[in-house]
Structures are given as C-alpha cells and as structure tokens.
Amino acid sequence: MASNTTVVDIHTHMYPPSYVEILQSRTAIPLVRSFPQAPDPRLILLQAEAEALDDALRDPAAKPPGRPLTSHYTSLDQKIRFMDTHRIDVSVISLANPWLDFLDASQSGAFGRSVNAEFSDMCGRHPGRLFFFGTLPLTAPLETVRGSIGQLKHLKYCRGVILGTSGLGKGLDDPDLLPIFEAVAAARLTVFLHPHYGLPNDVWGPRAAEYGHVLPLALGFPMETTIAVTRMYLAGVFDKVRDLRMILAHSGGTLPFLAGRIESCILHDGQLVREAKVGRGRRTVWDVLKEQVYLDAVIYSDVGLKAAIDASGADRLMFGTDHPFFPPLTTDEQGEWESVGLNAAAVAKAVGEGSVEAKACMGLNAVRILGLREK
Ligand code: 5CU
C-alpha cells in the first residue's frame, strides 16, 4: 500500500466486549454462539444465516453458521496491529452492524451512551490515530436520540454517526426521521450509511445455501443502500436538510451506476410529472451525489471506483478496509489482507498510483472532510 502519503481508513468496525456480551445473551439473530464443530465462537448476523443457524443447532455435524468471532472484531490492540501491518495512519472506527437496532427502547439509550463513551475512550488511548463514528439509539424516544446526538457532538474524537437503513423502522424516507437528520446536520456530524438487512431471503432462491454469503453480501448489501438513498432522494430529504452530509458505504452500492436510470424514471413518471415534482430547479440525483454525498472506496475494483469518481468526484471518495470483515482464509490473519490490497489497488488503477487523486482518495480527502487535523 502507498507508503509516502497519509492513509486513512474510514470504513473499519469493532464490536467492543460489552456489545459481544449482549450478543452472547441472545437466542435470535444477531447473536454469538459456540458450536462443538468450530474452534472460535460464531458471530451470526444476517437473516440469510438463519437457516444455517437452525441446521447447526439441530445437527453437530452441520457446517458452523456465520463467521468466526476472532480478536480482530473485539480487540483494540488488534486494530492497531492491523493498521500498522497495512501502513494505515488513521482509522475512523465504528460499531459494526446491526448497531443498536435490535435493542429494546428501554435499553438502547443507556447502552448507546456507554458504547459511544467506550469508542471515545478507545480513541483517547491512541490520540491522532483513531477517530470514530458514534451510534444512535434509534429505538428510543426522540428526546433520547437527541440527547445522544448532544453527547456525540461534544466527544473530541467523534466525527459522525453510523446509521443503518431501517431508521425508526420504516426506512430513511420516514418524515419522523427528519428531526434526527436535522439534529445530526446541525451538530455537524457526518452520517456514515451502512447496510445490514439486504434483500428478502426468497430473492436468493432455493439453492442459496450452496452459495455461502456471496449473494447477500455482494448484492443484497449494495442494493439495500441504493434503495435507501433513492427513497430519501424521492422523499426530498436532501432538499429539506441541505446541511446533511452522508458517506455511503461500498461506493454508494449501485447508485453511481444507476443514477442515470433513476433520473430517467423520474422524468418519465406520469404521477411525478402531474404532481409537478419534476419541474425546473429540481436538484437531480447527480446534484445530490456531488453536493451532499461522499462515497467510500470499498468496491474492490477500478471499474466500480471509476463510476463512483465520475458520479461524486475524486475529491469525495475515501479509502476503507471493512476490517474485520473479509479476512484472508488461507493465509495468516496477522499478515496482509487481500481484501485491503484489492481496494488500494483499485484506487491506484482508477486514478494512477501516486497521483494527486490517489493521495486524496487514500487519505487526504478524509482528513479534509472529517476534520481529522482539528484539535
Ligand atoms: O460479512 C458480513 O456479514 C459483513 C457484515 O455483516 N458487515 C460488514 O460491514 N461487512 C461484512
């Protein structure tokens, strides 16, 4: 990876031990469970893993569900070691999915406060090397969520909030979410939008179990992000909250590729035209992509990355690793990860190794956009 420039990883997760404890106490997904057929406890997160979980609970010879919960998910020392191995100068860490989405309203406010404090404390142990995106207790009452935004605004190393696509349960075009977007924007916190729910299991067909996690992760996650942001756009959220700034995970899902089609469908929609929603002065999806959206560079190929750069601009792309997900399967986890190398190589191939744009995407954009040099 580039050694003569600042490298910032803005897409890198952790589950602190207090969160793992909650997952260990659960009987429904998301959960952590040990199985006799696997050496490490298993982290089972996705609805697409439910059937494999049932199989493994019934039959000790069945393949273990989910993924191994290694120290890469939970240990701060391991995060720093990973950064050192990959010559990453700064990481903006975030709680991994599904955040606090599954917690009861009576629990989520207090737990959110403590997990945000835990992230803040981890950053404080490595000043200048670690920043974080906080987590909002979206199942709690609005005043509690507002309180959490107030907390995050004053935490020295916090640079935004990580958000899933479910919002308050009805998605991100829900009018009841507007006060939260407004409060986040007013606190100058950037939203890092990340998928978790994918698409309904039946989309993957009766042979899905033969294909591992490929379909939900490669296609379900990006489509989820694409749909969530398109719904926000159609509901006018970006116009209503002009100061809202969002980083979209996985280079915006398929948004850079599909923005033209979304635009054409809007222009040719009889209902929208009749309701005068397609008039002059309308900000297009392209405008929003260039003015209110940033994209991470977690797309593993220069082809997708070029589309992302064309859509949002090389000054709005930010490198990420998705650590601790996608570890190497056949080489030492303490060595270099192929998944990280693929994303770095995609940047070099898309804009030229060592170019001004490459330095921007690998780190300088993140420093500027997230204010990583601000005291
Ligand atoms: O492998 C996976 O399931 C995941 C996940 O759940 N979240 C993520 O950010 N990347 C991969």
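Bear in mind these aren't lab numbers, they're just calculated from the coordinates by the rules spelled out. In this text the structure is predicted, and so the values were computed from the model without any measurement. Backbone-built Cβ (ideal geometry, glycine too); neighbour counts: all protein chains shown.
Could you list GLU353, GLU224, GLU263 so that the one with the fewest beta carbons within 10 Å of its beta carbon is first and the one with the most is last? Walk me through the numbers before you get to the answer.
Details: GLU353 11, GLU224 24, GLU263 14.
Ordered from fewest to most neighbouring Cβ atoms within 10 Å, GLU353, GLU224, GLU263 come out as GLU353, GLU263, GLU224.
Sort 87-93, 239-245 for me by packing, meaning the mean count of neighbouring Cβ atoms within 10 Å per residue, highest on top.
Numbers: 87-93: 22.1, 239-245: 15.6.
For the peptides 87-93, 239-245, the packing ranking is 87-93, 239-245.
Would you mind ranking VAL367, VAL273, VAL115 by Cβ crowding within 10 Å, fewest neighbours first? Before the final figure, lay out the partial values.
Numbers: VAL367 17, VAL273 13, VAL115 22.
Least to most surrounded, the residues fall as VAL273, VAL367, VAL115.
Measure off 7 Å from each Cα along the Cα-to-Cβ vector at GLN107 and ASP121, then give the distance between these two points in nanometres to one decimal.
Result for the modelled spin labels: 2.0 nm.
Would you mind computing Rg(Cα) / (2.2 N^0.38 Å) for the chain, counting N as its residues?
Details: Rg = 20.2 Å, N = 375, 2.2 N^0.38 = 20.9 Å.
Relative to the rule-of-thumb radius for its length, the chain sits at 0.97.
Two-decimal Rg/Rh of the range 309-375 from alpha-carbon positions, Kirkwood Rh? Numbers along the way, then the final one.
Working: Rg = 13.6 Å, Rh = 13.1 Å.
Rg/Rh for the range 309-375 comes to 1.04.
By average Cβ neighbour count within 10 Å, what is the ranking of 201-209, 133-141, 25-33 from highest down? Please report the intermediate quantities before stating the final value.
Numbers: 201-209: 12.3, 133-141: 23.4, 25-33: 15.7.
Peptide ranking by packing, descending: 133-141, 25-33, 201-209.
Report the antiparallel proportion of the DSSP beta bridges in the chain as a percent, rounded to a multiple of 5.
Values: 5 of 32 bridges.
That works out to approximately 15 percent antiparallel.
Between GLN47 and CYS265, what is the spin-label point distance in nm, taking each point 7 Å from the Cα along the Cα→C-beta axis?
1.9 nm
Could you work out how much longer the chain between ARG81 and ALA186 gets when fully extended? Use 0.36 nm per residue separation minus the Cα distance between them, nm to one decimal.
Difference between extended and current length: 34.3 nm.
Taking every pair of distinct Cα atoms and averaging 1/r, then inverting, what Kirkwood hydrodynamic radius in Å comes out for the range 253-332? Don't skip to the end; give the middle numbers.
Working: mean 1/r = 0.0676 Å⁻¹.
Result for the range 253-332 stands at 14.8 Å.
Using the Kirkwood radius built from alpha carbon pairs, what does the Stokes-Einstein equation give as D for the range 219-375 at 25 °C and 0.890 mPa s, in µm² per second? Kindly include the intermediate steps, with their values, before the conclusion.
Details: Rh = 16.8 Å.
Once the numbers are plugged in, D ends up at 146 µm²/s.
For the range 32-88 and the range 161-199, what is the separation of their Cα centres, given in Å?
27 Å
Using the number of other C-beta atoms within 10 angstrom as an exposure proxy, rank MET223, MET246 with the fewest first. Please list the in-between numbers first.
Working: MET223 18, MET246 25.
Listing MET223, MET246 from fewest to most nearby Cβ atoms yields MET223, MET246.
I need the P(r) histogram for the range 21-127: all alpha carbon pairs, bin width 5 Å from 0 out to the longest distance, whole percents.
Whole-percent P(r) values from 0 Å outward: 2, 10, 18, 19, 17, 15, 11, 6, 2, 0.
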